[in-house]
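The structure appears below as structure tokens.
The values are calculated or read from the model by the stated rules, or taken from the named source; none is laboratory data. For clarity, every value in this text was computed on a predicted model and none was experimentally measured. When we count neighbours, we look across all protein chains shown, and the Cβ atoms used for this are built from the backbone with ideal geometry, even at glycine.
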4 protein chains.
Amino acid sequence: MLRFALFGAGRIGRLHAENVSANPDARLVCVYDVNGTAASEVAQKYGAEVAPTVDAALANPEVDAVLIASSTNTHVDLITRSAQAGKAVLCEKPIDLDIAQVNRCREAIAGCNVPVQIGFNRRYDPNHRGVFEAVKKGEIGQLEQLVITSRDPSPPPASYVAVSGGLFRDMMIHDFDLARFILGEEIVEVTASGSVLVDPAIGEAGDIDSAMVVMKTASGKLCHINNSRRASYGYDQRVEAFGSLGMVISNNRTATTVERYSASATGVREPLLNFFIDRYGDAYRNQINDFIDAVRNNRAPSPGFDDGRRALLLADAALESLRSGRTVQLND
Amino acid sequence: MLRFALFGAGRIGRLHAENVSANPDARLVCVYDVNGTAASEVAQKYGAEVAPTVDAALANPEVDAVLIASSTNTHVDLITRSAQAGKAVLCEKPIDLDIAQVNRCREAIAGCNVPVQIGFNRRYDPNHRGVFEAVKKGEIGQLEQLVITSRDPSPPPASYVAVSGGLFRDMMIHDFDLARFILGEEIVEVTASGSVLVDPAIGEAGDIDSAMVVMKTASGKLCHINNSRRASYGYDQRVEAFGSLGMVISNNRTATTVERYSASATGVREPLLNFFIDRYGDAYRNQINDFIDAVRNNRAPSPGFDDGRRALLLADAALESLRSGRTVQLND
Amino acid sequence: MLRFALFGAGRIGRLHAENVSANPDARLVCVYDVNGTAASEVAQKYGAEVAPTVDAALANPEVDAVLIASSTNTHVDLITRSAQAGKAVLCEKPIDLDIAQVNRCREAIAGCNVPVQIGFNRRYDPNHRGVFEAVKKGEIGQLEQLVITSRDPSPPPASYVAVSGGLFRDMMIHDFDLARFILGEEIVEVTASGSVLVDPAIGEAGDIDSAMVVMKTASGKLCHINNSRRASYGYDQRVEAFGSLGMVISNNRTATTVERYSASATGVREPLLNFFIDRYGDAYRNQINDFIDAVRNNRAPSPGFDDGRRALLLADAALESLRSGRTVQLND
Amino acid sequence: MLRFALFGAGRIGRLHAENVSANPDARLVCVYDVNGTAASEVAQKYGAEVAPTVDAALANPEVDAVLIASSTNTHVDLITRSAQAGKAVLCEKPIDLDIAQVNRCREAIAGCNVPVQIGFNRRYDPNHRGVFEAVKKGEIGQLEQLVITSRDPSPPPASYVAVSGGLFRDMMIHDFDLARFILGEEIVEVTASGSVLVDPAIGEAGDIDSAMVVMKTASGKLCHINNSRRASYGYDQRVEAFGSLGMVISNNRTATTVERYSASATGVREPLLNFFIDRYGDAYRNQINDFIDAVRNNRAPSPGFDDGRRALLLADAALESLRSGRTVQLND
């Protein structure tokens, strides 16, 4: 039985609480949120206690692991304190928007020897993971090209954009992690292009809303990612891995398999599942289940802290490329 | 809050228990099974009691409704006693294999005035229901032809076949109900053909394993159903509704959207979801949720007792047609 | 070089003329039509002569083969005279609407020993033929069920219906031939249902416009065919062969592979190719090329005269079943 | 009637000759090839004469237009001489591998006032053109992202690679033209990445075999192109246009619509059409028909000389970017 403290009782925190409760090998022990009412609601629903403070939760000997689903600017602090308290950590992405902070956190927890997983749940989406596994098994021979399409259904408010860290650190960071996961080797070159095409307010906030990136690994594998903050037809999430012997694709999902034919069109399907709670519901559940299994069996959870750090390095490199008009080399 | 007694703690009973527990407006109160160990396991898992007898469960004033998931030959007795005890009833299909029994049950419960739902869950599959709704809204104009393909992944043992009531009453009965649901009017003619192509043991047991039926409604709508006891590629479950303005199809489901390309093939998908627990998991859940909602809001549940009876009448008519080589008229 | 006389210079005759001209091993020598202007146009376009009479065409020693594309009621006479003149024959379907006429023709040409092909061109559609070949190679193991969907884009005028021989002899006859071709064994039982759902004028003309048929072969293989005189989304032509090891499907065709996504729909394709000239253009060409090759290499052309006769026997059996409400046995 | 001289009687020249002959408004008058036998064969097949020299062909008053299908290094000379002789020109791509040559040709023919079309036939593929038209009609709102996938079935011999001008000028040049066509505005930035992943001999010849490019237009539209010299599953040719209101895709083509289901896979389709003669057969025909129509109606043919020049400018910019690791600006 793995016993959890939950930090953050917002939408994602609640989703995690539900998934923990549904796992027969895990239990939610306590919940902390700066908003006491939110903490109390979640605690009550899943038979847990409200922790008065983070320290109280970390001091609780019944807590084996922490789930960090609070705001991004608290992640580094909570990871550090939890690791130092000897708790296993599952922290929502990103670790932080500032690589210096991430590096400091890395040093601070270096000796703690606790399992840390970062919530890049797309690795656990059954469709994308199907691509990963096919590639790993050699089904397409040598992987040569990877193409990731990732478009949100609608843009966030400009107020969010302003504190988001920008498209590369906030949105494409998922795709950077997924790319590293499937490529199976480190990326050494990043080139980025971007535009403001969706909402001028995003441009006024200093960000872009449309982007195309090309990356290369040491062995020459090529990877393209495109992002848009708006796709009228729903949450567009596709992965295409192309290799010497073939291609494997993770396609989009709709709620049903219903297909319509009329005088004006055939093969008509519904719009795509609208956003990540629906599209990646299985992924959230699978990730937490795998974390529980990994910790219980002394297996290193994946993606780990360093995966979280490297995704941010790629986001920073993309931003530098966007600004400089140059391909950026990564040597780390 | 709707409080349930569960009769039958086998595979389907457990599935129902889980779905009842997941519904915030329902609770499992007690479980009865001739196998006390099974009853006990389910009761414990969902915080319910073991009922020592059916009578004890029906006498329990905390029980509002019963879930009948015991063997087919107990259904009529349990429906009758539950209805007479004033409990709402959700009974697995079929009501019985013998129409005379079904008719007696109908008389016996006629004055009870309790809601009764029969577990033809395909009406609640989101894909098939999408077809039903499109037809009902007039999206395809006047419905003219309905084609239902329904093939099991692998044949049951001959021992099961011998007591199953035969392909029409055991397997195609689901499709008869689904056909009535989508056609929206009563069927007046049934013609059936059948063969033993899958397993000679099924023929030796006096049954067929492959069948094609054509039916007609009073207004002339045509319906075709085909069944096979074996589909190598998984559980094949499709519905096609064709009308004056178009066509709407409920297609098959696979576990993922992964698609493969190689030197020998393109567009390759996985085999279909293997059987009804996977394929109709949503349908089981949606049906019980709708039953709970219907009873709580004094709405008649669907499909009701008479739907269960009419599906059996169609199965009997198909069997008669198979034996006589004639189209059978239904006047009831 | 195979040298042709063409009887009938209407739409289909012109199509045949074009296909003959495009074949490097064939040449159009002369054209006869009761409408001399039509004959003259076709003759001129393809460098052929106008034959003043049928007899003149058949007496021409330069003519090796005849293409019969005139009206149905002339087919038996022209087949008979052409065969007796020693010419190879490619005759449009059907041989005749009256089985007695067909039988007389069979006797009349029995001793002529000339190759005769009937224009059931669907055998030569690359998609349907792909199903035939997969079945023949054993890709799906033992064939168990065959489902043919065949719906015209729009109904013919009632005036045509009145002389057409009825839906079974005029429209489903193509599907009867295709069923025999793929089933690979003779059909022994036919059951038919039909309705007037598309156009009351068709009913007033004594015909049906919607039909469902189920047939069985000697070994128990089952076959379903459905027909409608109107499909709003285009010419719906599908074949599904189901067997012990799998299934193979010939799907519909659209003009392009363009797919649309919008706020209301995804995966949107065009309506289907509208009618047989487009849908079966390849089939017409492939059939005539195969006829030319067969005659030049002393190979029996397929489908032959007896295939044409058996398709009519099935159409007659379907009509008898529709009228009697009984399954009709075929013993021939 | 448009009367053609054909320069070059190789594979593509023959294809053009056939398409000219099939057009009722055009006629092949004469053929010139350095290989007299090849010229003679084509001339004979289509009822044309052999021209003893280029000059003789250009001096022939019966020649209205020339088709240039000879080797790339002859294009500039033949375009120049043909234009100066007052003939309309349809020249295979590319104009030349050297932009200085192309610019000189542009000057030389500037005053000739003859229609010139360059053979970027993908603009005439019905599928890709469907995307172009949907974009132009505003079906997807404002175009924001364009993704072109273009992979050859198998790599050319290294000997060809050495004289090909390299992947960007030889292969991706088609995609550059298609991108410009659909984007509907000029590209101002090009960034390229490339690798040798398919065949080391291609690397030894100084070229790459795998490439990813990102481009931007003045208004900020983004475009990605990926190329590979080898796709095991056939000739992969896809276009995806994404905009504010939706997406439109030109998908790949297979020879038939046959779909297979088995114990190991569902939805299985054939490998893609193997190469450009099959895949773009319609495009070749449609382009030449449009050229004939344009010249006969004094409409400017498309793509014109300047389109050919701009595609080469993009290829040169991609090569410069690949070498420099910088985004290259285009100001022309």
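The table below lists the values:
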quantity	calculated
Conditions (1) farther than 23 Å from C:Ser262 by Cβ; (2) of a type outside the set (Asp, Glu); (3) under 21 Å from the mean Cα position of the chain (by Cα); number of the one not met by A:Ser228	(1)
Qualifying positions in region D:156-167 - assigned to a loop (DSSP other than H, G, I, E, B) and either in contact with a Pro (Cβ under 9 Å, 6 or more places away or on another chain) or within 14 Å of chain C (Cβ to nearest Cβ) (or both)	D:Ser164, D:Gly165
Qualifying residues in region B:248-270 (those that are free of Cβ contacts under 8 Å to residues at least 24 places away in the same chain and under 22 Å from the mean Cα position of the chain (by Cα)) - the one nearest to A:Ala134 (Cα to Cα)	B:Thr254
Residue tally, condition in a loop (DSSP other than H, G, I, E, B) and either touching a residue at least 60 places away in the same chain (Cβ under 8 Å) or surrounded by 16 or more Cβ atoms within 10 Å (Cβ to Cβ) (or both), over region C:98-137	7
Of all residues in region C:213-237 being aliphatic (A, V, I, L, M) and farther than 14 Å from C:Phe276 by Cα, the one that is modelled with the lowest pLDDT	C:Ala218
Residue match in region C:48-69 (condition: among the hydroxyl-bearing types (Ser, Thr, Tyr) and in contact with a helix residue (DSSP H, G or I) (Cβ under 8 Å, 6 or more places away or on another chain))	no
Residue in region B:5-16 that is surrounded by fewer than 22 Cβ atoms within 10 Å (Cβ to Cβ) and over 18 Å from the mean Cα position of the chain (by Cα) present	no
Out of D:Val188, D:Val196, sole residue that is modelled with pLDDT of 95 or more and in contact with an Asp or Glu (Cβ under 6 Å, 6 or more places away or on another chain)	D:Val196
A:Arg299 being surrounded by fewer than 22 Cβ atoms within 10 Å (Cβ to Cβ) and either outside any helix (DSSP H, G or I) or among the small types (Gly, Ala, Ser) (or both)	yes
Region A:230-247 - residue that is polar (S, T, N, Q) and crowded, with 19+ Cβ neighbours inside 10 Å and, of those, nearest to D:Ser228 (Cα to Cα)	A:Gln237
Selection from region B:142-155 of residues that are touching a Ser or Thr at 6+ places or on another chain (Cβ under 8 Å) and either at pLDDT below 95 or within 8 Å of another protein chain (Cβ to nearest Cβ) (or both)	B:Gln142, B:Glu144, B:Gln145, B:Val147, B:Arg151
Number of the condition not met by B:Ala311 [criteria: (1) within 14 Å of another protein chain (Cβ to nearest Cβ); (2) of a type outside the set (Asp, Glu); (3) buried (at least 20 other Cβ atoms within 10 Å of the Cβ)]	(1)
Region C:102-141, residues that are away from chain D (no Cβ under 12 Å) and among the polar types (S, T, N, Q)	C:Asn103, C:Asn113, C:Gln117, C:Asn121
Single condition C:Gly246 does not satisfy, out of (1) modelled with pLDDT under 95; (2) at positive phi	(1)
Scan of region A:37-90 for residues that are part of a helix (DSSP H, G or I) and surrounded by fewer than 14 Cβ atoms within 10 Å (Cβ to Cβ), ordered by number	A:Thr37, A:Gln44, A:Asp55, A:Ala59, A:Asn73
Answer from D:Val114, D:Val163, D:Val89 - the residue that is among the hydrophobic types (A, V, I, L, M, F, W, C), out of contact with any helix residue (DSSP H, G or I) (no Cβ under 6 Å at 6 or more places or on another chain) and over 30 Å from C:Thr266 (Cα atoms)	D:Val163
Candidates C:Arg310, C:Arg299, filtered to the one that is touching a residue at least 60 places away in the same chain (Cβ under 8 Å) and out of contact with any strand residue (DSSP E or B) (no Cβ under 8 Å at 6 or more places or on another chain)	C:Arg310
Filter result for D:Thr327 (of a type in the set (S, T, N, Q), within 12 Å of chain A (Cβ to nearest Cβ), touching a Ser or Thr at 6+ places or on another chain (Cβ under 6 Å) and touching a residue at least 12 places away in the same chain (Cβ under 8 Å))	yes
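Residues checked against (1) touching a residue at least 60 places away in the same chain (Cβ under 8 Å); (2) of a type in the set (Val, Ile, Thr):
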site: A:Asn23; (1), (2): yes, no
site: A:Asp33; (1), (2): no, no
site: A:Gly36; (1), (2): no, no
site: A:Glu41; (1), (2): no, no
site: A:Pro61; (1), (2): no, no
site: A:Ser70; (1), (2): yes, no
site: A:Thr74; (1), (2): yes, yes
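Okay, residues lined up against (1) of a type in the set (A, V, I, L, M, F, W, C); (2) in contact with a strand residue (DSSP E or B) (Cβ under 9 Å, 6 or more places away or on another chain); (3) buried (at least 23 other Cβ atoms within 10 Å of the Cβ):
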| site | (1), (2), (3) |
| --- | --- |
| B:Asp177 | no, yes, yes |
| B:Ser193 | no, yes, yes |
| B:Val198 | yes, yes, no |
| B:Ile208 | yes, yes, yes |
| B:Gly220 | no, yes, no |
| B:Ser228 | no, yes, yes |
| B:Ile249 | yes, yes, no |
| B:Thr254 | no, yes, no |
| B:Glu270 | no, yes, no |
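Residues checked against (1) over 24 Å from D:Asn35 (Cα atoms); (2) among the polar types (S, T, N, Q); (3) under 18 Å from the mean Cα position of the chain (by Cα):
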| site | (1), (2), (3) |
| --- | --- |
| D:Thr72 | no, yes, yes |
| D:Arg81 | no, no, no |
| D:Leu90 | no, no, yes |
| D:Lys93 | no, no, yes |
| D:Ala100 | yes, no, no |
| D:Arg104 | yes, no, no |
| D:Ala108 | yes, no, no |
| D:Gln117 | yes, yes, yes |
| D:Tyr124 | yes, no, yes |
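Results for (1) in contact with a His (Cβ under 9 Å, 6 or more places away or on another chain); (2) in the same structural domain as B:Lys87 (by TED's automatic domain parsing); (3) of a type in the set (A, V, I, L, M); (4) modelled with pLDDT of 95 or more, shown as yes or no for each residue.
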| site | (1), (2), (3), (4) |
| --- | --- |
| B:Ala22 | no, yes, yes, no |
| B:Ala38 | no, yes, yes, yes |
| B:Tyr46 | no, yes, no, no |
| B:Ala51 | no, yes, yes, yes |
| B:Val54 | no, yes, yes, yes |
| B:Val66 | no, yes, yes, yes |
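Table: residues versus (1) small (Gly, Ala, Ser); (2) closer than 20 Å to B:Ile225 by Cα.
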position: C:Asp152; (1), (2): no, no
position: C:Pro157; (1), (2): no, no
position: C:Met171; (1), (2): no, no
position: C:Phe176; (1), (2): no, yes
position: C:Arg180; (1), (2): no, no
position: C:Ala205; (1), (2): yes, no
position: C:Met212; (1), (2): no, yes
position: C:Met215; (1), (2): no, yes
